[in-house]
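First the structure, in the form of structure tokens, and then the observations on it.
The values are calculated or read from the model by the stated rules, or taken from the named source; none is laboratory data. Remember, predicted model here, so these are calculated numbers, not experimental data. Glycine gets a Cβ as well: all are built from the backbone with ideal geometry, and neighbour counts include every protein chain shown. To get the accessible areas, we keep the full protein, side chains included, count just its heavy atoms, and leave off ligands, DNA and RNA. Shrake-Rupley method; radii C 1.70, N 1.55, O 1.52, S 1.80 Å.
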Amino acid sequence: MSWLLALPVVIPFLTAVLAFLTRQSPLGRWISVAGSSLLLVASIILMATVLRDGVIAGQMGNWPAPFGITLVADLLSAVMVLITAIVAVAVSIYAIADVDEGMERLGYHALFNMLIAGVVGAFITGDLFNLYVWFEVMLIASFGLLVLGGRPEQIDGGVKYVALNLVSTIMFLTGIGLLYGMTGTLNMADLASAVDGADQRLLTIVAVLFMIAFGVKAAVFPLFFWLPASYHTPAFSVSAVFAGLLTKVGVYALLRMFTLVFDHDTAFTHTILLWVAGLTMVVGVLGAAAQSDMRKILSFHIVSQIGYMILGLALLTPLAIVGAVFYLVHHIVVKANLFLIAGVAQRIAGGTELSRIGGLYKSAPLLAVLFVVPAFSLAGFPPLSGFWAKFLLVKAALDVQGWIIAGIALAVGLLTIYSMTKIWAQAFWEPHPDGVEPKLSSLSNRERAAMLIPIAGLAILTVVIGTIPEPFVQFAEASAAQLLDPTAYITAVLGEQP
Amino acid sequence: MEFLFAITIGVLVAAAVYLMLSNHLLRFIFGLVLISNAANLTIFVAGRLTDGAPPLIPEGADAPTLAANALPQALVLTAIVIGFGLFAFAIVLVFRAWTSLNSLTPDDMRLAEPEEAPK
């Protein structure tokens, strides 16, 4: 069983090695596409196995848990790996047109696959220190991708990104040390029961340390400043994979730790999370409203959307967790897609600064249609995926009489529409200030195919989730049930408990 | 012994926070090195401190009641290696920032987020 769990990590690693060896030739990009496709196959098999057999766990090197390193996949892990693979395929195809040969020679494809390996590893590990190692793999690869090319703006954004993420890493490490000192284990399944014997007040302090560490990664208020400082500077394919996946690893880690381990004092910890959720939503969306560059607007919207997911975790009712899981999956698809579309707009209209572009609706109607799908989904228009995600969360908030937080969630949805219509009006509707007509035919056939196929694929996925939400909601319900009652998770890792 | 370590860690963290807040990137990096060493020491102490009792057990013998905990030491080793890589990158990045932005004061680094002119 453990090869099934190890494959999604091993495949991108091997791909990264191969891509590094072939970085001087154009072969690297095809190796990257092939590697991501293999990863997609492996993650579909993993998903099918988890759906059939329930939670599966594997012990690396045959050291029994809790002594060895455990890899474990429940429904949440499996779906996160699957969605990572989908984004990896989309972005690796898009990169054929987006990444120039200079960046390829510097090892873009190797770094990209290393990043994917780190993300998948973080989703699939069952050991806290191993999670730290995967965070580092992901982090160092993202550092490289962020400054690849070395334009001064990239260096500027990179400094802030690197500095704040390293501080969060050290918080995480300190938290691990203290938790180990208190419980003597770092296996997450083992921790779930081991923390019961620890001093509960100290445990709360450690919980807050983890909350801050993962909060920086997830870009919640007031720890998100590195995100809008850096996400608009690298190549578009890099922005897209960052926007789709990186912050979500932080959300996943919060979701995992604060349902499995730190659920001893929810009145304290989850109340903080609720405040954080509300403030993140509001500050993110207001920040977006003040921006006039397409990528900067979208970056601030990542922050605002993270608030919704944290809201689900903070409420901690079954329906709220369902909403958070659904939101997580929907958001990765939609957000990565919007950044990819911004890349096409930059190519054919000559920028992402809204005042300097325009006319896309008239001369590139296909791109306009492809933009409308994820943009309206982000804002929560029925029948797209974002509507159901917001509906579930607002319903969950109303069920526990959270009138204010439900009101905030709805108001933030309205302001999201404002930002999306701003992009729509200025980039698509108004004529181009220079009088040119940006056309998709200005791209070569190969570039057009490589850029539009992933965008169309992700848009179709958004529409599918939106129009037939039932199986997806049922899936989210099942994975939320696993999160709230971790017996299956613990049994899969440690065996039958007396 | 634990007390001594606790004081050391506290001093390291205090110095690190001071350096990190002093509005200069190179000092920030030095602060980061100090605080990461404080974190490593925290893990080390979390494994309980024992005096001269290595966790080496002859084959067939029972586990001794008092021996050093090898796991935190392995964790610290991993963390040091990872930290070394990250700092190497961070220092090169700061050097690059100096050559391409001509400043190491974060307040001057506004290229990615230019200040809006008052309207």
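Can you spot a residue in the range A:106-128 that is under 24 Å from A:Met257 (Cα atoms), surrounded by fewer than 23 Cβ atoms within 10 Å (Cβ to Cβ), in contact (Cβ under 8 Å) with a residue 40 or more places away in the chain and among the β-branched types (Val, Ile, Thr)? Within the range A:106-128 (the criterion being under 24 Å from A:Met257 (Cα atoms), surrounded by fewer than 23 Cβ atoms within 10 Å (Cβ to Cβ), in contact (Cβ under 8 Å) with a residue 40 or more places away in the chain and among the β-branched types (Val, Ile, Thr)), the answer is no, since none of the residues qualifies. Yes or no: the range A:435-457 includes at least one residue that is charged (D, E, K, R), in contact with a Gly (Cβ under 7 Å, 6 or more places away or on another chain) and either surrounded by 16 or more Cβ atoms within 10 Å (Cβ to Cβ) or closer than 21 Å to A:Gly359 by Cα (or both). Taking every residue of the range A:435-457 in turn, at least one turns out to be charged (D, E, K, R), in contact with a Gly (Cβ under 7 Å, 6 or more places away or on another chain) and either surrounded by 16 or more Cβ atoms within 10 Å (Cβ to Cβ) or closer than 21 Å to A:Gly359 by Cα (or both).
Exactly one residue out of A:Ala141, A:Ala189 is at pLDDT below 90 and assigned to a helix (DSSP H, G or I), and it is A:Ala189.
Of the residues that make up the range A:462-470, is at least one among the charged types (D, E, K, R), surrounded by fewer than 19 Cβ atoms within 10 Å (Cβ to Cβ) and not in a helix (DSSP H, G or I)? The answer is no; no qualifying residue exists.
Of all the listed residues (A:Gly287, A:Gly350), the sole one being open to solvent by 10 Å² or more (accessible area, probe 1.4 Å), in contact (Cβ under 8 Å) with a residue 60 or more places away in the chain, more than 17 Å from the chain's Cα centre (by Cα) and over 17 Å from A:Pro374 (Cβ atoms) is A:Gly350.
Looking at the structure I just gave you, is B:Val11 open to solvent by 80 Å² or more (accessible area, probe 1.4 Å) and under 28 Å from B:Asp107 (Cα atoms)? So B:Val11 passes the test. For the range A:298-326, which residues satisfy the criterion of being of a type in the set (Val, Ile, Thr), in a helix (DSSP H, G or I) and within 24 Å of A:Gln474 (Cβ to Cβ)? Selection gives A:Ile310, A:Ile321, A:Val322, A:Val325. May I ask you to verify whether B:Val45 is of a type outside the set (Phe, Trp, Tyr) and either open to solvent by 90 Å² or more (accessible area, probe 1.4 Å) or modelled with pLDDT under 75 (or both)? For B:Val45, the condition - of a type outside the set (Phe, Trp, Tyr) and either open to solvent by 90 Å² or more (accessible area, probe 1.4 Å) or modelled with pLDDT under 75 (or both) - is not met.
Using the structure shown, decide if A:Met294 is crowded, with 20+ Cβ neighbours inside 10 Å and touching a Gly at 6+ places or on another chain (Cβ under 6 Å). The answer is no for A:Met294. Which of the residues belonging to the range A:146-173 are open to solvent by 30 Å² or more (accessible area, probe 1.4 Å) and in a helix (DSSP H, G or I)? The answer is A:Pro152, A:Glu153, A:Lys160, A:Leu164, A:Val167, A:Met171. Residues that are within 21 Å of A:Phe129 (Cβ to Cβ) and within 10 Å of chain A (Cβ to nearest Cβ) do not occur anywhere in the range B:93-103.
Scanning the range A:103-122 for residues that are among the small types (Gly, Ala, Ser) and either closer than 25 Å to A:Val325 by Cα or touching a Gly at 6+ places or on another chain (Cβ under 7 Å) (or both) turns up A:Ala117, A:Gly118, A:Gly121, A:Ala122. For the range A:381-395, filtered to residues that are touching a Ser or Thr at 6+ places or on another chain (Cβ under 8 Å) and surrounded by fewer than 24 Cβ atoms within 10 Å (Cβ to Cβ), the residue that is nearest to A:Ala277 (Cα to Cα) is A:Phe387.
Can you tell me how many residues within the range A:223-245 are within 27 Å of A:Phe210 (Cα to Cα), of a type in the set (A, V, I, L, M) and either within 13 Å of chain B (Cβ to nearest Cβ) or open to solvent by 10 Å² or more (accessible area, probe 1.4 Å) (or both)? Within the range A:223-245, residues that are within 27 Å of A:Phe210 (Cα to Cα), of a type in the set (A, V, I, L, M) and either within 13 Å of chain B (Cβ to nearest Cβ) or open to solvent by 10 Å² or more (accessible area, probe 1.4 Å) (or both) number 3. Selection over the range B:93-110 of residues that are open to solvent by less than 80 Å² (accessible area, probe 1.4 Å) and in a helix (DSSP H, G or I) gives a count of 7. Looking for something open to solvent by 50 Å² or more (accessible area, probe 1.4 Å), part of a loop (DSSP other than H, G, I, E, B) and within 9 Å of chain A (Cβ to nearest Cβ) - is there at least one such residue anywhere in the range B:48-60? Yes, there is a match, as at least one residue in the range B:48-60 is open to solvent by 50 Å² or more (accessible area, probe 1.4 Å), part of a loop (DSSP other than H, G, I, E, B) and within 9 Å of chain A (Cβ to nearest Cβ).
Hey, among the residues in the range B:61-92 that are over 26 Å from A:Leu178 (Cβ atoms) and part of a helix (DSSP H, G or I), which one's nearest to the other protein chains (Cβ to nearest Cβ)? Across the range B:61-92, the extreme among qualifying residues is B:Phe89. Return yes or no: is A:Ile45 over 24 Å from A:Thr247 (Cα atoms) and at pLDDT below 90? Taking the combined requirement at face value, the residue does not satisfy it.
Can you spot a residue in the range A:361-376 that is touching a residue at least 24 places away in the same chain (Cβ under 8 Å), under 18 Å from the mean Cα position of the chain (by Cα) and open to solvent by less than 20 Å² (accessible area, probe 1.4 Å)? There is at least one residue in the range A:361-376 that is touching a residue at least 24 places away in the same chain (Cβ under 8 Å), under 18 Å from the mean Cα position of the chain (by Cα) and open to solvent by less than 20 Å² (accessible area, probe 1.4 Å). The set of residues in the range A:122-136 being assigned to a helix (DSSP H, G or I), more than 10 Å from chain B (Cβ to nearest Cβ) and of a type in the set (Val, Ile, Thr) consists of A:Ile124 alone.
For the range A:212-222, the set of residues classified as over 19 Å from A:His301 (Cβ atoms) and buried (at least 24 other Cβ atoms within 10 Å of the Cβ) consists of A:Ala213, A:Phe214, listed by residue number. Taking the listed residues B:Leu77, B:Leu56, B:Leu66, B:Leu41, the one that is in contact with a Phe, Trp or Tyr (Cβ under 8 Å, 6 or more places away or on another chain) and farther than 30 Å from A:Ile155 by Cβ is B:Leu41, with no other qualifying. Here the helices (runs of 4 or more DSSP H) wholly within the range A:200-247 that include at least 2 residues being of a type in the set (Lys, Arg) are A:200-218.
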